[in-house]
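Taking it in order: structure first as structure tokens, then the write-up.
Since every read-out is calculated from the coordinates, none of them should be taken as a lab result. In this text, all values refer to a predicted model and were calculated from it rather than measured experimentally. Backbone-built Cβ (ideal geometry, glycine too); neighbour counts: all protein chains shown.
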Amino acid sequence: MSLLNLLASRSSRMKASEIRELLKLLDQPDIISFAGGIPDPALFPADAIRDAYADVLGGAEAGAALQYQVSEGYLPLRRWLAGQMGKLGIACDEANIFITSGSQQALDYLGKLFLSPGDTALVTWPTYLGALQAFNAYEPRYDRLRPEGGNMTPDAYRAAAATPSTFSKESGRVKFAYLVPDFANPTGNTLDRKQREAVLDLAGELDIAVIEDAAYRALRYDGEGVPPILALDCIRSGGIDKARTLYCGSFSKILSPGMRVGWVCAPRHVIEKLVLMKQASDLHSPSVNQMVMHRVAESVFDGQVEKLIGAYRERRDGLLGALEANMPKGVTWSHPEGGMFVWMTLPEGADATELLARSVKEARVAFVPGNAFYADGTGRNTLRLSFTLADRRAVSEGIPRLAALLKG
């Protein structure tokens, strides 16, 4: 007997992450990998984290650390985060902060909160693969968000949302726009203030939410910072509790991905709904991890950001220099001001998935094919390179090998 015929319809849209599968290649010592969008473990503040665990578990807080926690999250951590949001121009307090098990859980919860089958999520083309995976379970359709401008009017978006499509046989309405405005995964691109304002204009005309994924915001290497969309929204709306933007943050890229601590900063009425979802899901994120993260963030966060910026800027520059020196004519790539990724576009007709198979076999170099980041599976002539683990040897050996395949 097979249980597969009993599965919910949403299960057909659950697919393995190409990136998670590619991470298995990291166990092969001869593979030069530009695939995983992961921070360098050698740069984790391991000593500070170890000492914080010892302090928490060896003192008066041990009982609380090992006990159930309120679903909203550890209060001192939420207060610290509210202070950090204030530095970004977002006046709020702990009631506007909700702790999640990584920002990926936040995306899952927000998809669950807003999407009914057939509703439309506006996403960039390409967009973060993990967001598509989170939203897919709630059976939406996708439409293209163009922050740089396009010919889709609010009425056109509404009409498309009400028409069954290849994404969904159900009709619905547009519910939110999702985007990574700073050093986007996968492109590395950053939206300027005008583009952020345009997203808010569209969201206002459609009366939808905006999900701002700020996972990479702290990792700026060049240029001037741009206010978060939520900060611009607060100016327009008169305060966070009147805003339509939901800000998703994470400690994963700065302090530790393994501790799985993220957060949502949003109007209180949204936080209240997320708390109910948390209670029904996993009750709360691990108490001890939240308490340790609070101690570590208070003591080393700013210094850790400075250390990462110095290390990753050098690696980004090394990768861009190697691409410039080796790639054949017709191949182009992004020049990110921060983050973790460079986005490469091959000549029309090229297939990055086929190239990956050859690259792993012949050159022992891995990357992520770009079609995984497109809601409709297009973009087959694109690929993503991550530079956070790309030391000088990896770049000096790996990029010439990849270029040789493209030239051949």
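Ranked by Cβ crowding within 10 angstrom, fewest neighbours first, how are D108, D155, D93 ordered?
D155, D93, D108
Could you work out how far apart the two model spin labels at K194 and R146 are, taking each label as a point 7 Å from the Cα in the direction of the beta carbon, and quote it in nm?
Distance between label points: 1.6 nm.
Quick test of the membrane-span-like rule: which DSSP H helices of the chain reach at least 24 Å along their long axis (C-alpha atoms) with mean Kyte hydropathy at least -0.5?
Numbers: long enough: 287-326 (49 Å, -0.25).
What comes out of the filter, once short or polar helices are dropped, is 287-326.
Taking the Cβ of K407 as the centre, find all other residues whose Cβ is under 14 Å away and add up their charges (Lys, Arg: +1; Asp, Glu: -1).
Numbers: positive: K329, R358, R401; negative: E362.
In short, +2.
Here are some pairs, K194/K307; K242/K307; K253/K361; K242/K273; K112/K307; which of them have Cα atoms lying more than 25 Å apart in this structure?
Beyond 25 Å: K194/K307; K242/K307; K253/K361; K112/K307.
For the chain, what is the mean residue ellipticity at 222 nm derived from helices alone (per DSSP H run of n ≥ 4: -39500 (n - 2.57); sum divided by total residues; nearest 500 deg cm²/dmol)?
-12500 deg cm²/dmol, from helical runs alone.
How far apart, in nanometres, would the label points at I235 and Q84 be if each is projected 7 angstrom from Cα along the Cα-to-Cβ direction?
It works out to 2.3 nm between the two label points.
Quickly rank 86-92, 294-300 as a protection proxy: mean count of other C-beta atoms within 10 Å, highest first.
Numbers: 86-92: 15.6, 294-300: 19.0.
Final packing ranking: 294-300, 86-92.
Can you sort I399, I208, I38 from fewest to most other Cβ atoms within 10 Å of each residue's own Cβ?
Fewest-to-most Cβ neighbours within 10 Å comes out as I38, I208, I399.
log₁₀ I(q)/I(0) of segment 265-388 at q = 0.10, 0.16, 0.23 Å⁻¹, via Debye over equal Cα point scatterers, no solvent, to two decimals?
Evaluating at q = 0.10, 0.16, 0.23 Å⁻¹ gives log10 I(q)/I(0) of -0.57, -0.93, -1.26.
Can you put K112, K253 in order, fewest other beta carbons within 10 Å first?
Result, fewest neighbours first: K112, K253.
Label 7 Å along Cα→Cβ of H269; segment 114-143 residues with amide nitrogen under 18 Å?
Under cut-off, by backbone N: 114-115.
Cα centroid distance between segment 353-408 and segment 51-65, in Å?
About 44 Å separates the Cα centre of segment 353-408 from the one of segment 51-65.
Between L3 and A60, what is the label-point separation in nm under the 7 Å Cα-to-beta-carbon projection?
Here the modelled spin labels are 4.7 nm apart.
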